[in-house]
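Below you'll find the structure, written out as structure tokens, and then a few comments.
The values are calculated or read from the model by the stated rules, or taken from the named source; none is laboratory data. Since the model is a prediction, treat every value here as computed from it, not as a measurement. A quick note on method: Cβ atoms are made from the backbone with ideal geometry, for glycine too, and the neighbour counts reach across all protein chains shown. Heads up: the accessible areas ignore ligands, DNA and RNA and are worked out on the full protein's heavy atoms, side chains in. Shrake-Rupley method; radii C 1.70, N 1.55, O 1.52, S 1.80 Å.
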Amino acid sequence: MNKDIKNLPADGDAHDVSEMEASVNRLAELDRMAPAGMQVRIAAAAMLAARNAAPVVAGRVPAAHGASRQGFTRSRQWAMAATLLIGFGVGFSVLSRLSQPTPTVIDSTAAAAALAQEDMESWLTLTEATDETFTSAVKQLTSDTSRVSESVTSPTMISLDGDSL
Amino acid sequence: MSAEGSAENAALAVLLESASKGEADAWRTLVDLYSRRVFALAKSRCRSSELAEEITQSVFVTIATKLSQSEYTEKGRFESWLFRVAMNRIRDEARRAKRHATPTDPEAVSALADRSRMSDASGASSATNEESVQQIARLRLAMDQLSDADREIIELRHHGQMSFQQLADMLNEPMGTLLARHHRALRKLKEIMSEAMSQEIDRAAGTALTPTTTHSTVRIGSEKQR
């Protein structure tokens, strides 16, 4: 027999406290009278807490409270959105740069020197360009001597259209 | 364990599984089963319905969070676990509010008064009801004077409606010890109440014997003593 059982009250003692037990039960019954609507409020709060605390992604995240876990998830979503945005930006920038044609340029100093010597072959070998655009640029350069001489003193890069870059 | 007990445990396990997924019906049932008992425990300590509801809600939110994160590991001992969480929360609150404790309970008196009105309608005398109100107030004061351990077992047993087996699981103590402690706590409560009653009778007798001219002086003196 458990030694604690020996300490239990005798029947007479039990009768002594039965009245007190009844009073405490009345008090407890009074305290169980909950305010109207309490159970609905609590059920709603508990249900939301359970839903918020449920794992959202694979890999458990330790969180003491639903709210903090929710905060964590939200901040991670923001981080993912920012990463995607930056990724799109960089990708677009690279693609647009690749899609732009690289302008063919002529070293105007060498071109002017070749022109001064009336060396048309040198003109052609400067850029290895033989298309019409190049030809028209050469023509423009040839006709505009002042521009060529200026380019000799102040070297600039000239595009196929004849414009200074 | 009896077949009936096993069936109850199985039903509760299903209910808890649904609750852990946040199902509304499961939470309605769980809250309906246990919330008023947790509320009564909290109300007995903090004496305020609003605060008791707040505590009860936070207990259920804690339970919901732990269930969803699979942190409920005491299978088959849900009530013990629930009331352990509740008692921890109530103790925290009691420590926080100890300096602001209020010795009276106007809400309980008014709640009882409502009940008294109902009793009046059924023919009970108002004098008896008044006596009940005073008896409840005295009982609350007496509960305040119990040690924490004694008070805890009274509240868990009567307000929380826990069985001694559940108490033994929860407090991790032999059932015999808890039975003896419960009995001692009730006897202590009775002694405190008897003492308070005799003091009241003495005071009333002193007041009645005192001449009218010195009546107010005596009352002031007795209040100072208190």
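For the A and B pair, go ahead and give the buried accessible area with a 1.4 Å probe, both sides summed, in Å² to 100.
The summed interface area works out to 4100 Å².
Would you mind getting me the FRET efficiency between B:LYS21 and A:ASP16? Use the beta-carbon distance for r and R0 = 45 Å, nearest 0.05.
According to the calculation, E is roughly 0.35.
Which pairs in the list B:LYS43/B:LYS188; B:LYS43/B:LYS190; B:LYS43/B:LYS98; B:LYS21/B:LYS43 are over 24 Å apart, alpha-carbon to alpha-carbon?
Check vs 24 Å cut-off fails for B:LYS21/B:LYS43.
At R0 = 30 Å, how high is the FRET efficiency between A:ASN25 and B:LYS75 if r is their beta carbon distance? Nearest 0.05 is fine.
0.45
Can you send over the solvent-accessible area of B:TYR34, 1.4 Å probe, protein chains only, in Å² to the nearest 10?
20 Å²
On the protein heavy atoms, probe 1.4 angstrom, tell me the percent of accessible surface of segment B:1-101 carried by carbon and sulfur.
The C+S portion of the solvent-accessible surface of segment B:1-101 is 48 percent.
For the residue pair A:LEU84 and B:ALA7, what label-to-label distance in nm results when each label sits 7 Å from Cα along the Cα-to-beta-carbon direction?
Inter-label distance under the simple model: 5.2 nm.
What GluC sites (Glu not before Pro) does segment B:136-207 have in DSSP loop regions with at most 16 other beta carbons within 10 Å?
Of the GluC sites (Glu not before Pro), not one in the loops of segment B:136-207 has a Cβ with at most 16 other Cβ atoms within 10 Å.
Select from segment B:36-78 all residues whose loss of accessible area on going from the chain by itself to the full protein assembly reaches 50 Å² or more (probe 1.4 Å).
B:ARG36, B:PHE39, B:GLU53, B:GLN57, B:VAL61, B:THR65, B:SER68, B:GLN69
With the other protein chains left in place, how much accessible area per residue, in square angstrom, belongs to segment B:1-101 at a 1.4 angstrom probe?
Computed with neighbouring chains in place, this is 50 Å² per residue.
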